[in-house]
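The values are calculated or read from the model by the stated rules, or taken from the named source; none is laboratory data. Nothing here was measured: the structure is a model prediction, and the numbers come from that model. These area figures cover heavy atoms from the full protein model, side chains too; ligands, DNA and RNA do not enter into them. Shrake-Rupley method; radii C 1.70, N 1.55, O 1.52, S 1.80 Å.
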Amino acid sequence: MKIAIGNDHAAVEMKNEIKAYLESKGHEVINFGTDTSDSCDYPVYGQKVAEAVASGQVEEGVLICGTGIGISLAANKVPGIRAAVCSEPVSARLAKQHNDANIIAFGARIVGLEEAKAIVDAFFDAEFEGGRHQRRIDLITAVEEKYNK
Ligand code: RB5
């Protein structure tokens, strides 16, 4: 799968580890930065990854900041994006199965590396179940469309 990854200064090391981990599993990973520990603004990177997903440049995305919260909030402002912040693998699996999330987010200051690997495994190994869940995704999209006219 083609995956975009992005992060702020709080998550450079974890981004590098997760990028290498996903590549070791056969994914193609495009890095949108940041790549230094200089203080930066997480919305910039949330937007870059979200736009890569929304445009179809990549299939899905990974976002990491200190908590995963700010960077996912920014990503979710891009139409078509469903970024889910998850701190454990069960939520990550359900974010795909039930919510058809297209970006998984987590916090480098919240989860350790092994938990982060378990989160991305759960997310990328899962598939959207459709059915009644599709109706709810359609309702989310309708909210988005109402305010993006
Ligand atoms: C940066 O210090 C921190 O605020 C950021 O990484 C993130 O946790 C925001 O949600």
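Structure data summary
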| read-out | value |
| --- | --- |
| Percent breakdown of C-alpha pair distances by 5 Å bin, ordered from the shortest bin, for the range 64-149 | 3, 16, 23, 22, 19, 10, 5, 1, 0 |
| Too-long pairs where the Cα-Cα distance tops 21 Å, listed order kept, from Lys2/Lys48; Lys77/Lys146; Lys96/Lys149; Lys77/Lys117; Lys19/Lys48; Lys25/Lys96 | Lys96/Lys149; Lys77/Lys117 |
| Computed [θ] at 222 nm, helices only, for the chain once each DSSP H run of length n ≥ 4 contributes -39500 (n - 2.57) | -14500 deg cm²/dmol |
| Extension gain (nm, one decimal) between Lys146 and Ser39, 0.36 nm per residue minus Cα-Cα | 35.0 nm |
| Accessible solvent surface per residue of the chain, calculated while the other protein chains remain in place, 1.4 angstrom probe, Å² | 50 Å² |
| Degrees, to the nearest 10: 42-54 long Cα axis against longest axis of the chain | 50 degrees |
| Whether the range 1-132 is rounded, prolate or oblate, judged on the alpha carbon gyration tensor where a/c under 1.5 counts as rounded | rounded |
| The range 118-133 - phi-based ³J(HN,Hα) in whole Hz, Karplus 6.51/-1.76/1.60, Gly and Pro as x | 5, 5, 5, 4, 4, 5, 7, 7, 8, 10, 4, 8, x, x, 4, 5 |
| DSSP bridge pairs, the range 53-144: antiparallel proportion in percent, nearest 5 | 0 percent |
